[in-house]
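A short worksheet on the structure shown next.
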Amino acid sequence: MEIYFSAQYEHPSGAKVSFQSDWIHDNQALLFLADFEKTGRFSDIVIHDDLDQQWNIKEFKKLMSRTSGSAKNITIYFDAAFSKTDQTAGLGWTLEYKKDEESFIEKNNKQLGQITSNNEAEYAALYYAIDHAIKVADGHQQIIHCYGDALTVVNQMSGEWPCYDQVLSNWADKIDSLINKHGMSGEYHHIGRNQNKTAHKLASQAFNNRDIKSLNRNEKDD
């Protein structure tokens with residue numbers, strides 16, 4: 001979760017000025033709040049997040065305590081493999097997130113039948129990835145960043161392109177409903193296939209009946 005502060009700052013002379021900070025990660029917020037309170041020169045402090053929610057100091061500290069140990073800053077990579085002959089799809093996705101300052105990566109896949117097109121398979125992969133992400137978030141509301149190489153899916157979900165196919169529209173509605181039900185938001189980003197190799201491999205493994213479920217510490221941040 002990204003947050004920023006708004007407040008009133010009072011100079012020792014008595015002059016006051018409105019203050020608004022840059023965006024920062026929520027794990028830095030308590031450090032700044034402690035310093036603001038220590039100076040005694042900040043008042044009317046409000047914390048705003050990237051979902052347009054806001055809290056006073058007491059409410060925000062309670063939120064941070066309640067969500068300690070929850071998965072935060074969740075990022076999804078998704079992909080699909082599809083066979084038109086037997087209408088079978090392999091779905092693959094990874095989740096990257098932080099828990100108490102440790103970084104983790106989960107790898108998952110799933111085989112699904114009665115799929116009619118490659119784009120539907122990609123939508124299904126995104127749906128199951130987001131469903132997984134919401135379970136991992138465990139009630140911590142946030143923006144889920146989703147990356148895939150399916151340009152149609154990404155541009156339709158982000159509102160860049162209209163969707164006239166009823167099957168795809170139904171999947172898009174299911175995804176929006178799932179996210180909104182849990183008070184979250186999704187952001188969708190297109191990437192090249194070479195940036196999506198892990199999700200692609202997971203999708204291929206699912207297509208070939210290889211079930212993958214793994215959770216590991218993510219060493220990329222080290």
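Computed from the coordinates by the stated procedures, all read-outs in this text should not be read as laboratory data. Just so you know, these numbers come straight off a predicted model, no measurement behind them. Cβ placement follows ideal geometry from the backbone for every residue including glycine, while neighbour counts extend to all protein chains displayed.
Key figures
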item	result
Convex hull volume per residue for segment 55-178, taking Cα atoms only, in Å³	110
Normalised convex hull volume, the chain, alpha-carbon set, Å³ per residue	136
Relative contact order [Cα under 8 Å, 6+ residues apart], segment 72-221, whole percent	36
Bridge type composition, segment 72-221 - antiparallel percent by DSSP, nearest 5	70
Helix-only mean residue ellipticity at 222 nm for the chain, each DSSP H run of n ≥ 4 adding -39500 (n - 2.57), per residue, nearest 500	-10500 deg cm²/dmol
Between helix 166-181 and the chain: long-axis angle, C-alpha atoms, 0 to 90°, nearest 10	30
Degrees separating the helix 29-39 axis from the principal Cα axis of the chain, which is the longest one	10
Options THR75, THR39, LEU95, ranked by Cα towards positive dipole end of segment 37-105, top entry (Cβ charges)	THR39
For segment 2-66, the Rg and Dmax computed from alpha carbons only, in angstrom	11.8, 39
Estimated Rh, segment 126-222: Kirkwood, alpha-carbon pairs, angstrom	15.0
Crossing angle, helix 118-137 versus the chain [Cα axis fit, 0-90 degrees, rounded to tens]	40
Global size of segment 20-111 as Cα Rg and Dmax, reported in angstrom	19.9, 70
Sites matching GluC sites (Glu not before Pro) across segment 106-178 that sit in DSSP coil, with at most 16 neighbouring C-beta atoms within 10 Å	GLU160
